[in-house]
Amino acid sequence: MYQAAFFDVFNTLIGMHLPGTPHAHRVPLQGAIERRLSRLDGSWQAAYGRVRGGEPGCVSPVTRLFAAAADRSGVARGSLFAPLHRNETTLRRWMNVYEDTVATLQALSASCKLGIISNAWPYVESMLRLLGLWDYFHSVTISAQVGLSKPNPDIFELALRTLHVAAEGALFIDDMPQNVMAAEKVGLKGLWLVRSPMNPDNVPAPYRHLMQIQTLRQVIPLIENA
């Protein structure tokens, strides 16, 4: 039986509105480009977390430079996006909670512990609070706070320790296949969220074995029937 379910945040629980569109919409990118950009962003966040966490002996001058850039630019504090999360009404004009998010979290919270494992900056906490999602989670592991980023296996192991759950007793859901595969290597059951069905021929060979889901609601029976 699964004791815990961990979720990514962006494009999994919440998405971005484009002006004039009624639903959350992602700007399409080639998969390889998107994966590289995601990994670069995660590395920056992890570097920031290592510097601000004050870990001795593991912070290079280049890492400190990256952290300083994140502070000065306002990226780490969310200053660039401050107008989006001053209040819930403004935030919801730009960020959308997917229609299956709350129903899934409500159903799962009755039978297991919920956690977040996300490559994100610290301001994601205030965003989740404003969107009414924060209280569902027993554990929140954010790259810019812990100094680790997906797909590094250490971030999954850290998240598991926060809930005192063994890897085989946990699920992980993400829209990025390299993160799902990394979670499976640690021992979690990985689920690749693909909200728009993909042609199987377009799925890169390393990810064809991953279990795909099209909606978070598909997680509910996996927990209830485990």
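The values are calculated or read from the model by the stated rules, or taken from the named source; none is laboratory data. Please read these numbers as outputs of a predicted model, since none were measured by experiment. Positions of Cβ are backbone-derived with ideal geometry, glycine not excepted, and every protein chain shown enters the neighbour counts.
Observations, loosely collected:
- Of note, Leu131 does not satisfy the criterion of being buried (at least 16 other Cβ atoms within 10 Å of the Cβ), at pLDDT below 95 and under 17 Å from Arg50 (Cβ atoms).
- Within region 99-124, tally of residues that are assigned to a loop (DSSP other than H, G, I, E, B) and in contact with a strand residue (DSSP E or B) (Cβ under 6 Å, 6 or more places away or on another chain): 2
- Residue check for Lys189: under 14 Å from Phe6 (Cα atoms) and in contact (Cβ under 8 Å) with a residue 12 or more places away in the chain: yes
- Where Val124 falls short, out of the listed (1) more than 16 Å from Thr12 (Cα to Cα); (2) at pLDDT below 95: (1)
- Flag for Ile213 being at pLDDT 95 or above and within 14 Å of Lys150 (Cα to Cα): no
- Within region 145-154, restricting attention to residues that are touching a residue at least 60 places away in the same chain (Cβ under 8 Å) and under 21 Å from Val180 (Cβ atoms), the residue that is surrounded by the most Cβ atoms within 10 Å (Cβ to Cβ) is Ser149.
- In this entry, Ala120 is excluded by the filter for residues that are touching a Gly at 6+ places or on another chain (Cβ under 6 Å), in contact (Cβ under 8 Å) with a residue 40 or more places away in the chain and surrounded by 17 or more Cβ atoms within 10 Å (Cβ to Cβ).
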